[in-house]
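> Pasting a structure here, questions to come.
The values are calculated or read from the model by the stated rules, or taken from the named source; none is laboratory data. Just so it is clear, the model here is predicted, and its values are computed rather than measured. Here the Cβ positions follow ideal geometry from the backbone for every residue, glycine too, while neighbour counts run over all protein chains shown.
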Amino acid sequence: MKKNHKPISKIFFIHLLLVLASNTQAAQESLVCTPELKKAGGVETFALEDLMQIPMFLSASQQGECTREAASIVSTITGEELLNRGARDLVDALELIPGISFGSNMTNMVGMGMRGMQTDEGKLSILLDGIILTEQRFGITGFGGHFPVDQIDRIEIVRGPGSILYGNFAELGVVNIITKKGHQLDGGVIGGSYGRFERGEAGKNTFLTAGKQWDDFEVSLYTKYNESHRSDRFYHDAQGGSFDMVGYNQSESILGNFQFRYKDLNLHFLVDEYSVDSADGFADKMSLPSKEIRNQFSTYAFNLDYQHHLNKTVQLGARFDYSQQTPWKRTNLYHDGRANKVKESVSIDYYTFDLKSTFSLEGGHYLVMGNSFQFQNYQPTVSNYTGEVPLLGDYTLNGEGVYKTKWANVLLALRFDWYTEYGTNLAPRFALTKQFEKFHYKAMYSQAFHAPTGGNYQLNEEYNQTNEFNREVSPLRPETTHTYEIELGYQFQPNLNVTANIFYIEIQDYFLYSFDANNDDFYANSSKLSTWGLEAILSYQHPRWGKIDMNYSLYQAIEDTSQDFKAVDTAGNILEQTANLGLPTHKVTANHTFPITDSISFNHTLIFSGHRFGYSGSELKHYKSVWIYNMYLRYQDVMVEGLEMGLGLYDVFNSQYQYVQLFNGTHPALPGNTREVRFKFSYRF
Amino acid sequence: VCQINRFQVIFLAFVLNLFFMLSLFAPVQAEESMSKRLVAIKAAYLYRFSLFIDWPEPVLDSFLMCVVADTETSNFIQLSLYNQVIQSKPIRVISVLKEEDLTACQLLYIPSTVKESTPFLVKAKQNILTIGETTDFYHAQGMIYLYEQDNKLRFFINYLKLKKSGLTARAQLMTLSQLPMEKNSDEKKSQTDK
């Protein structure tokens, strides 16, 4: 065989140039290979128009992406499933994923726990069509009336580290929300919903989405406005105070998402405004009656992405991202006649430049090499802090390769980071995966690295300037996470799948949000936090009785050197060694969609969440296990084609879930909703 | 913080280069799942076509799809359409040979591996929807011709043949029917010649 070395050396040279020029590249990519084939019910549920868009043969790079996706524990929720369930919010969608539970942070903020660990403090990356929505100040994501669920194409949830591909916040997992594109919309949808708790308004929202494709041009637009209340119950603080949450603790959200594509060039604009009012306050004492606290989060983001197929083997990609965030802008809303006052505000400009090259062959072997440069300009605009936060930059060089053999697809990835403030790090990822006829296995090891954010830096510097004890806390060191996962799956029948995985996660030098005796806050490192657990999923589909998905998840806390996540009583005893605060060790969910007719479906969900521990002030409290049952009736094409209505009853048993604080921050549990009835409608034109 | 040393740099460069070389020179392995993927897409087409066709007589116990292929392929089509129904009846997929009686079939699928479609089309009398992929099938007056264009599947419906056989295609299906490009130009040319 005649070998032509010239093109290869040219390719290598081009690649080297790219590498030398400057990848969290994949932060923008879909996690799922050939998304068309991953939708609910499989390809046979596609309309003919959609079938005609599916490529017959995958390119080598598409096959490569399939393999990459396979080397993670990934769950996908489709837009159709969300509509069938009558999901009100991303919380409704994610709580059916094994290993995920929700608890509170502070000041009416709800956060997520995954596999027994709190995902706040930069451990979860939330993306909307590839743009990071996790706030860059502390890496915290607020849930509840925030993220859109209407007109979503799918949500991909990676349980397990994704830092090598998804950057600094993907330490424990990734939630990738993908909205419908122009060719899928081919028109527009307008709609809204209104819900009521037993004693007050639960929330209301309205949305408009539209999109179209003309040959090589494609545009899509999504806008929504949402108002919601956390609860209609009474909040009790740790000092004897209480208030009726009807009329308080409201959140408001505005989201705009515009995408434009011409051939391989993509342009994307995103606006996300989210505000959360809190009457419950910061710690163990509520802020009422003198004031409420409003925390506002805003993201204005822009991204430009271009993919160039040099030939069948080589693909080059370039991307630029810019976002301007104002996270945790805190305003005191006084009730005693004083004018409202902005107490704290920061502005963060975040820039990312990505270049990557993909080499792939028909057999599915591939190599991705990329590099990126990102930096953030962190400016405290209203603050007690008088110093400066340095420009935080990070240069990344990464490579990932897959070699396929008969018995295993071998994946090896390495990511090298050079941080302007935090030194260097080399993080590896290794996976063996393979799918046989009805059986598949995955065995994976990943390291993740999480550097402190500008907010972490500022808080410690500010503490050193202002604390009354003249203490000086050390600069925060980065976290390193090691995760081991094994998954086995078997298809017993064409309509019956069972998958199970076991995991072990260990975070070294994990960030600890701490307080001194004056309740002044700072961050410190603690040496080790670890959990192990298992997750099992059963999926069954019957032609007449519909689809059933069930899962069970378990985690067991192992080590927590700070004991900040442990249930420690006043005598210093840990009440349950294997549990972390706010998160149930056992969780079971079941969801069933029953197609009554072609246009009417009934969906119901049962969630069992095991018992939990949490603090109220210094008092340790025990929260019993709860059963939550939701049901939703969906009626499509009511009277006229395109008109859809739905009626949902949520928390039918009125179990009244409590959002227990996920660490020892003395904040009492935040009451969740009572029984709620919600009406939804939409019209497709 | 991990301080990177020269050894680690060399090791990183080595591993990345190793994979680069492997990916360029490694033997290409055909993936079995790729062909199954294609069969799944074609099975979806068969199912969707059936939803837009009206048969003169109602289906009795099950909707029978006859596939001129090995049993592995027909079994895979059966698996792909496991939960689906047509006219409220479950779908049954069987593998058929040239000499078999086809009268019980509602649909006859002749994949590209079957070079001569005529013997099957001759036996597929009234009320059987015929779907094929070869030029032979197209010229032998099959009803729905599935073909590849720009790496995507397209189809052309021979409306007259369909009607003659007693079947009716709904408008939604007809609007998506496209003549293959080369055949399109051939037919235009023949019209010009005339």
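> Against the condition among the hydrophobic types (A, V, I, L, M, F, W, C), touching a Phe, Trp or Tyr at 6+ places or on another chain (Cβ under 8 Å) and within 22 Å of A:Leu133 (Cβ to Cβ), how does A:Leu255 come out, does it pass?
yes
> Additional query: If you go through segment A:571-590 one residue at a time, how many are in contact with a Phe, Trp or Tyr (Cβ under 7 Å, 6 or more places away or on another chain), surrounded by fewer than 19 Cβ atoms within 10 Å (Cβ to Cβ) and not in a loop (DSSP other than H, G, I, E, B)?
The number of residues fulfilling the criteria is 1.
> Can you pull out every residue in segment A:168-197 that is part of a loop (DSSP other than H, G, I, E, B) and surrounded by 16 or more Cβ atoms within 10 Å (Cβ to Cβ)?
A:Asn168, A:Phe169, A:Ala170, A:Glu171, A:Leu172, A:Lys180, A:Lys181, A:Phe197
> If you don't mind, there's one more thing I want to ask. Got at least one residue in segment A:114-130 being among the acidic types (Asp, Glu), at pLDDT 90 or above and under 30 Å from B:Phe49 (Cβ atoms)?
No, there is no match, as no residue in segment A:114-130 is among the acidic types (Asp, Glu), at pLDDT 90 or above and under 30 Å from B:Phe49 (Cβ atoms).
> Going by the conditions given, is B:Gln191 in a helix (DSSP H, G or I), modelled with pLDDT under 90 and either within 14 Å of chain A (Cβ to nearest Cβ) or in contact with a helix residue (DSSP H, G or I) (Cβ under 8 Å, 6 or more places away or on another chain) (or both)?
The answer is no for B:Gln191.
> Then there is this: I'd like to know if segment A:470-487 contains one or more residues that are assigned to a strand (DSSP E or B) and either at pLDDT below 90 or aliphatic (A, V, I, L, M) (or both).
Scanning segment A:470-487, I find at least one residue that is assigned to a strand (DSSP E or B) and either at pLDDT below 90 or aliphatic (A, V, I, L, M) (or both), so the answer is yes.
> Could you please find all residues in segment B:122-166 being within 14 Å of chain A (Cβ to nearest Cβ), crowded, with 20+ Cβ neighbours inside 10 Å and either of a type in the set (Gly, Ala, Ser) or not in a strand (DSSP E or B) (or both)?
Passing the criteria: only B:Glu133.
> Within segment A:609-627, track down each residue that is in contact with a strand residue (DSSP E or B) (Cβ under 9 Å, 6 or more places away or on another chain), surrounded by fewer than 16 Cβ atoms within 10 Å (Cβ to Cβ) and outside any loop (DSSP other than H, G, I, E, B).
Correct list: A:His622, A:Trp627.
> Within segment A:199-258, take every residue that is surrounded by fewer than 20 Cβ atoms within 10 Å (Cβ to Cβ) and of a type in the set (S, T, N, Q) and give me the one that is farthest from the chain's Cα centre (by Cα).
Checking each candidate, the answer is A:Gln239.
> Tell me, which strands (runs of 3 or more DSSP E) wholly within segment A:75-155 include 1 or more residues that are farther than 30 Å from A:Asp244 by Cβ and among the small types (Gly, Ala, Ser)?
It comes to A:124-128.
> Kindly provide the set of residues from segment B:43-99 that are among the polar types (S, T, N, Q), more than 22 Å from B:Phe120 (Cα to Cα) and in a helix (DSSP H, G or I), ordered by number.
If the condition is that a residue be among the polar types (S, T, N, Q), more than 22 Å from B:Phe120 (Cα to Cα) and in a helix (DSSP H, G or I), then B:Ser80 is the only one that fits.
> Another question, if that's okay. In segment A:294-313, which residues are of a type in the set (A, V, I, L, M) and buried (at least 21 other Cβ atoms within 10 Å of the Cβ)?
The one that is of a type in the set (A, V, I, L, M) and buried (at least 21 other Cβ atoms within 10 Å of the Cβ): A:Ala301.
> Now for a separate question. Sort through A:Gln447, A:Gln458 and tell me the only one that's touching a Ser or Thr at 6+ places or on another chain (Cβ under 9 Å), among the polar types (S, T, N, Q) and within 14 Å of chain B (Cβ to nearest Cβ).
None of the others qualify; the one that does is A:Gln447.
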